[in-house]
Structure formats: C-alpha cells, structure tokens
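The block underneath contains the structure these notes are about, expressed in structure tokens.
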Amino acid sequence: MNGETATSQAPADHGTTARDQAASIADFLPRAGNGPLSGQVVVDFSRVLAGPYSTMMLADLGATVIKVEGPGGDDTRNWSPPVRDDDATYYLSINRNKFDIVLDFSDADELSVAQKLAARADIIVENFKPGGLKKFGLDYDSVSTSNPVPNAEVIYASVTGFGAHNALPSYDLLVQAMSGFMSVTGSPDGSPYRAGVAVFDVITGLHTTIGIMAAIQHKNLTGEGQLVETNLMSSAMSGLANQSGAYAAAGVTPTRMGNAHPSLYPYQPMATKDGELIVAAANDGQFAALATALGRPDWAEDERFAKAKTRNANRDELEPELLEALQQHTAQEWFEKLTAVGLPCAPINSISQGVERARDLGLDPIVETGQGERIIPTIRNPIRLAKSEVSYDLAPPELGADSDQVRAWIDSL
C-alpha cells in the first residue's frame with residue numbers, strides 16, 4: 001500500500017474489535033485525563049524494568065493498563081533498599097497508573113481469566129523467556145489466531161534479552177557487558193564499569209513504546225494488529241550510537257577513555273580551585289569563546305588548538321594550560337562566569353541536587369500519583385503535550401489491588 005492510498009482511504013470495516021468489546025471497561029477501571037491513548041486497553045504480562053517502563057509510558061498517556069502478576073508479584077517489589085514504607089522504590093518508580101490483578105497460570109480457572117484478558121486487549125506487552133507463554137496459549141500466534149476467541153487485531157509487543165530465538169538468560173548488566181558498553185566505560189587503566197542505572201532496560205522500554213505507537217498508527221490505517229519485537233542487545237547496539245557506529249562504519253574498536261570524549265576536547269570534568277566542573281566545547285566557536293573567558297584568547301589563534309581535529313591531536317599539550325587557567329576560580333564561580341556568556345558547563349550533582357536543580361529550572365520533576373490514602377511521589381513523565389495531558393491519577397498498585405474489578409469486567413462481557 002503506497003502512502004497516497006493509505007492516507008486517502010478510510011480503513012475498511014473490520015468488524016467488532018477488542019477495543020469495541022472493551023468499551024465498558026471504564027465502568028470498572030476508570031482513568032482520569034484525556035491522554036491520546038485513552039480507551040486503549042493494555043494487558044501487561046511483563047516484569048522487572050524494560051516492559052513495565054514501556055507500559056508505564058502508555059499508562060501515563062491515558063491507556064488503561066492491567067498489570068498481571070503471579071502470586072509472588074513482580075521481582076522488583078522485593079528489590080530493596082531503598083523503600084517507602086513497605087514498598088520498594090524500584091517498583092514504585094516504574095508502575096504508576098496501572099491496575100493490578102494476580103493470576104496463577106498453573107491454575108486452569110485463573111489461566112482462563114488471563115486468556116480472556118488477552119482476547120480483549122488492544123495491546124499486550126510481555127517479556128517472558130522466548131516461547132515461555134506458548135504453553136499457556138498466551139503467545140502471539142495463540143492470541144491472534146488459535147485461541148477460542150482469537151484477537152487478530154491485537155498489537156503484541158514481545159521484549160527479550162537477545163532476540164526471539166535466543167533463550168539466553170538476560171539482565172541489563174549482562175547486556176552492558178556483552179554489547180561492549182562496559183568496555184568503553186571507566187578509566188583507561190582501570191576496570192570496566194557498568195552504568196549507574198539499567199540503561200539498556202530503559203532504552204529497550206522506550207524502543208518498545210515507539211514500536212507500539214507505530215503499530216497503533218498502522219492499525220489506524222489498515223485495521224491490522226501485528227507483532228512488535230524488541231530486545232536488549234539490539235537496543236544496546238543502537239544506543240551505543242557513535243561508539244558502535246565507529247566499528248560499523250570504520251572498523252574502529254573504541255576503548256575506555258574515562259570521562260574524556262573520543263571526538264571532542266575539552267568535553268569532560270576538569271579541576272578548578274575547589275572541585276570539578278564539566279567543561280564542554282562542542283565546536284570551534286565555543287572553544288574560542290571559552291579561551292576568551294579563561295583569559296587565553298591566544299588559544300583560538302594557535303594552530304594546535306583552533307580546530308577540533310588538531311585540538312584533539314594536541315589535547316595533552318592543551319590540558320595543563322586549561323587546568324592552570326581553571327585554578328583561578330572555584331567551580332561555582334566558573335559555572336556562573338561561563339554560563340553568563342552562553343558557554344555549556346555543569347556542576348557534578350548528586351541525585352538529590354539534580355532533582356532540586358530540575359525544580360529550580362521550573363521542570364517540576366516530582367509529581368504525586370494516586371489519591372486518597374495511597375499517594376506516591378514519582379518522577380514526572382518527560383513528555384509535554386499541548387492538547388492532551390499526561391495523567392498521574394493512579395499510584396503504583398499494591399499486589400492484586402484491582403483483581404475483583406478486573407474479574408468483574410471480564411465477567412460482564
């Protein structure tokens with residue numbers, strides 16, 4: 001189907017859809033707000049981080065997300081410290097705006113409820129081991145074609161560690177190691193380091209959300225659902241960006257450079273009179289302005305330093321002079337001086353300082369989610385939409401908190 005045909009013709013009548021069947025779900029599981037995904041029913045069979053992060057994004061944008069947990073609950077409920085009261089903050093960070101039901105797939109009646117949910121979902125997200133849901137009739141082929149009530153129009157997102165045909169155990173740390181990420185993280189003469197957050201879980205969650213949104217648009221145009229597949233290893237290859245691209249395009253294998261950048265200089269923490277400051281000169285104009293601000297305009301005329309390529313080649317000669325100039329003031333004083341003339345620089349904050357800095361910038365980083373007795377502070381969704389609001393109406397659910405309402409909805413259909 002070419003673009004002209006797709007945009008000029010309305011989709012054909014594809015009959016009763018899962019969304020039509022789920023039209024009354026708001027009577028049982030109400031959401032507030034007018035998010036662009038309002039009315040979309042998401043059944044979330046995922047656990048830990050990548051899948052739940054994706055479904056939280058969908059829920060923030062208005063979707064009705066039903067989180068399905070086994071009797072023991074999502075692993076992250078027990079990943080503590082830190083905690084807020086009895087809740088692990090890891091779990092709280094990625095599960096707001098969801099409803100929750102506990103189902104034991106080894107029990108035939110409870111498995112039947114899971115299958116009915118799948119039959120009525122607009123979107124399903126799962127991150128079981130490859131093939132792990134087939135025996136329960138909850139894999140894509142079963143849901144879309146084989147079950148007693150097939151859901152041919154479902155958008156089914158499957159998240160794995162290393163692809164649908166590789167059953168290797170997967171956690172973000174393993175992918176940080178296997179992808180090469182750790183080989184470029186840390187000091188040149190030290191050990192490889194992992195990132196301070198499960199970076200590829202988060203990136204994979206975002207990639208999953210992007211895939212789902214593309215599938216929604218395809219469904220809007222054609223009425224067809226489809227399978228969306230993401231995996232941590234492929235997301236790592238993509239997320240490594242210029243580092244993996246260096247190998248793909250030029251056969252170059254990047255190595256650890258500590259806090260230095262392989263292509264830009266200066267672009268790293270640098271010592272001042274009382275501490276370190278991130279100093280960034282991403283182009284020759286910024287370097288010339290930095291040289292002037294540091295009282296050394298001659299650097300911008302020096303053929304060793306004036307251009308990025310030669311500046312990189314001669315960074316060992318430039319660095320002692322940079323450090324000598326930076327010793328004249330404290331990190332805060334330099335931050336104020338350099339920022340005043342439009343130069344990029346930054347203090348190295350703690351997480352608490354970072355959150356407070358975001359607050360000072362008017363970004364309102366913390367929002368309260370939920371209502372009544374269960375109100376949980378969480379980090380604001382980074383997306384701002386001019387014509388529809390991101391919602392924060394539901395606190396991260398307690399285990400099985402909405403089981404009765406979900407079952408009542410299923411029974412009403």
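The values are calculated or read from the model by the stated rules, or taken from the named source; none is laboratory data. Predicted model, so just to flag it, every value in this text is computed and none were measured. Cβ sites come from the backbone with ideal geometry, for glycine too, and all protein chains shown count toward neighbours. When the accessible area is computed, the model is the full protein with side chains, heavy atoms only, and any ligands, DNA or RNA have been set aside. Shrake-Rupley method; radii C 1.70, N 1.55, O 1.52, S 1.80 Å.
Counting pairs of alpha carbon atoms under 8 Å apart in space and at least six apart in sequence, what relative contact order in percent does segment 241-389 give?
19
What part of the accessible area of segment 252-315, given as a whole %, is carbon or sulfur when the probe is 1.4 angstrom?
After summing per-atom areas, the C and S share lands at 51 percent.
Obtain the nm distance between the two label points defined at Asn34 and Thr339 by a simple spin-label model: each point lies 7 Å from its Cα along the Cα-to-C-beta direction.
Taking the simple label geometry, Asn34 and Thr339 are separated by 3.7 nm.
Tell me the relative contact order for the chain as a rounded percent, counting alpha carbon contacts under 8 Å between residues six or more apart.
This gives 19 percent for the chain.
How large is the helix-only mean residue ellipticity at 222 nm for the chain, computed as the sum of -39500 (n - 2.57) over DSSP H runs with n ≥ 4, divided by its residue count, in deg cm²/dmol to the nearest 500?
Here the helix-only value at 222 nm equals -10000 deg cm²/dmol.
For the pair Asp104 and Arg194, what calculated FRET efficiency results from E = 1/(1 + (r/R0)^6), where r is the Cβ-Cβ distance and R0 = 51 Å, to the nearest 0.05?
The calculated FRET efficiency here is 0.90.
Mind giving me the FRET efficiency for Asn259 and Asn166? R0 is 35 Å, r the Cβ-Cβ distance, nearest 0.05 is fine.
Calculated transfer efficiency: 0.55.
How far apart, in nm, are two points set 7 Å out from the Cα along the Cα-to-Cβ line at Asp364 and at Ala386?
That separation, rounded to one decimal, is 1.8 nm.
Here are several values of semi-axes √(5λ) of the Cα gyration tensor in Å: [x] 47, 24, 21; [y] 33, 25, 19; [z] 37, 22, 20. Which one was derived from the coordinates shown?
The listed entry that was calculated here is [x].
State the Cα centre-to-centre distance between segment 62-78 and segment 243-264 in whole Å.
The two parts, judged by their Cα centres, are 39 Å apart.
Would you please give the FRET efficiency between Glu317 and Glu398, computed as 1/(1 + (r/R0)^6) with r the Cβ-Cβ distance and R0 = 60 Å, to the nearest 0.05?
Calculated value: 0.50.
Can you list the aspartates and glutamates whose alpha carbon sits under 16 Å from that of Lys309, skipping same-chain ones fewer than 8 residues off?
Output for Lys309: Asp284, Glu301, Glu317, Glu319.
In the chain, if the dipole is taken from +1 on Lys/Arg beta carbons and -1 on Asp/Glu beta carbons about the Cα centre, which of Leu37, His329, Tyr392 is farthest to the positive end?
Going by the charge dipole, the pick is His329.
Taking the Cα-to-Cβ direction at Asp302 and at Ile210 and moving 7 Å from each Cα, how far apart do the two end points lie in nm?
Going by the 7 Å Cα→Cβ label model, 4.1 nm.
Where only protein heavy atoms count, and the probe is 1.4 Å, what is the accessible area per residue for segment 361-413 in Å²?
In whole numbers, segment 361-413 has 60 Å² accessible per residue.
Per residue, what accessible area does segment 65-189 have, given a 1.4 Å probe and all protein chains present, in Å²?
44
Considering only protein heavy atoms and a 1.4 Å probe, what is the carbon-and-sulfur percentage of the accessible area of segment 80-168?
Answer for segment 80-168: carbon and sulfur cover 50 percent of the accessible area.
Let me cross-check Leu173: its accessible surface, 1.4 Å probe, with only protein heavy atoms counted, in Å² to the nearest 10?
Here the accessible area works out near 90 Å².
Kindly list the residues of segment 387-413 that lie in the label zone of Ile375, defined by a backbone N under 14 Å from the point 7 Å along the Cα-to-C-beta vector.
Within reach of a label on Ile375, which here means backbone N under 14 Å from a point 7 Å along Cα→Cβ, segment 387-413 contributes 392-395.
Please give the solvent-accessible surface of Leu227 in Å², to the nearest 10, using a probe radius of 1.4 Å with every protein chain present.
In the full protein context, Leu227 sits at about 60 Å².
How high is the relative contact order of segment 122-237, given as a whole-number percent (alpha carbon pairs under 8 Å, six or more residues apart)?
Relative contact order for segment 122-237 comes out at 32 percent.
Per residue, how many Å² of accessible area does segment 211-353 show with a 1.4 Å probe?
Here the residues of segment 211-353 average 54 Å² of exposed surface.
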